[in-house]
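See below for the structure under consideration.
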Amino acid sequence: MGLFSRDIKTMDDLFVHMLRDIYYAEKQIVKALPKMIEKATNPQLKQGLEMHLRETEGHVKRVEQVFEMHGAEAKAVDCPAMDGIIKEANELASEVDDKQVLDAAIIAAAQAVEHYEITRYGTLMAWANELGRSDCAAVLKENLDEEKAADEKLTGIAEERVNMAAAE
Ligand SMILES: [Fe+2]
Ligand SMILES: [Fe+2]
């Protein structure tokens, strides 16, 4: 089902479609993160990504919870945007040799992932509220808060990396 498929008629349909999009994206992130963790050198970065992998497994569960609360089948639809972000990250990483430069590339890729998730959860929360499902919005907010925290943590690691590089 494409984004502009005529199967989407109501705000409710659109909400469920977007939920299936983020469901797919979260599952792809669970698969992609171990490779990024393996390639990362900075221990803080490795640890941060490991922690976020565990959080991401929780995100999948929370999205499943929202499907259930909303009475919709937990089904994933392809999210070409997330596939593209992950593909670009892997391609870029394969071209970088220097470990510190590779860490910078991994941070940038991880932040692109977080920003995608942040925009999706922001929209999903707004639509859940519009549909009178503040209960669903509250569950989605738990994911959103963890995505924002992960993004901020990555910014901190990136800044520290720049400072360390300047001091060398
Ligand atoms: Fe997530
Ligand atoms: Fe995330």
Exercise for the section: Give me the pairs, please: first residue somewhere in segment 1-29 and over 21 Å from K87 (Cβ atoms), second residue anywhere and at pLDDT below 90 and aliphatic (A, V, I, L, M), beta-carbon distance under 8 Å, and either six or more positions apart or on two chains. Expected result: D7/M1; I8/M1; H17/M1; H17/L3
Completion exercise
The condition from (1) within 13 Å of ligand 1 (Cβ to nearest atom); (2) farther than 19 Å from D151 by Cα; (3) crowded, with 19+ Cβ neighbours inside 10 Å that K61 misses is numbered (3)
Exercise for the section: Examine segment 107-127 for a residue that is over 14 Å from the mean Cα position of the chain (by Cα), buried (at least 19 other Cβ atoms within 10 Å of the Cβ) and not acidic (D, E), and state whether such a residue exists. Expected result: yes
Exercise for the section: Kindly check whether there is at least one residue in segment 96-103 that is in contact with a Lys or Arg (Cβ under 9 Å, 6 or more places away or on another chain) and either within 13 Å of A25 (Cα to Cα) or of a type in the set (D, E) (or both). Expected result: yes
Handout entry: Failed condition for F4, given (1) out of contact with any Cys (no Cβ under 6 Å at 6 or more places or on another chain); (2) modelled with pLDDT of 95 or more
Key = (2)
Fill in the blank from the handout: K31 fails exactly one of (1) surrounded by 20 or more Cβ atoms within 10 Å (Cβ to Cβ); (2) out of contact with any helix residue (DSSP H, G or I) (no Cβ under 6 Å at 6 or more places or on another chain), namely (1)
Exercise for the section: Taking the options E50, E95, name whichever one is surrounded by fewer than 18 Cβ atoms within 10 Å (Cβ to Cβ), more than 11 Å from the chain's Cα centre (by Cα) and away from ligand 2 (no atom under 16 Å from the Cβ). Expected result: E95
Problem - Pairs, first of a type in the set (S, T, N, Q) in segment 145-168, second within 14 Å of ligand 1 (Cβ to nearest atom) and assigned to a helix (DSSP H, G or I), C-beta under 8 Å, six or more apart - result: T155/Q111
Practice task
Kindly check whether there is at least one residue in segment 154-161 that is part of a helix (DSSP H, G or I), within 13 Å of ligand 2 (Cβ to nearest atom) and within 12 Å of the chain's Cα centre (by Cα).
Solution key: no
Practice task
Restrict the check to segment 140-149 and report whether at least one residue is crowded, with 17+ Cβ neighbours inside 10 Å and among the small types (G, A, S).
Solution key: no
Handout entry: Unmet criterion (only one of (1) in contact (Cβ under 8 Å) with a residue 12 or more places away in the chain; (2) not in a helix (DSSP H, G or I)) for T123
Key = (2)
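The values are calculated or read from the model by the stated rules, or taken from the named source; none is laboratory data. Being a predicted model, the structure only gives us computed values, none of them experimental. All Cβ positions, even for glycine, are placed from backbone atoms using ideal geometry, and neighbour counts span all protein chains on display.
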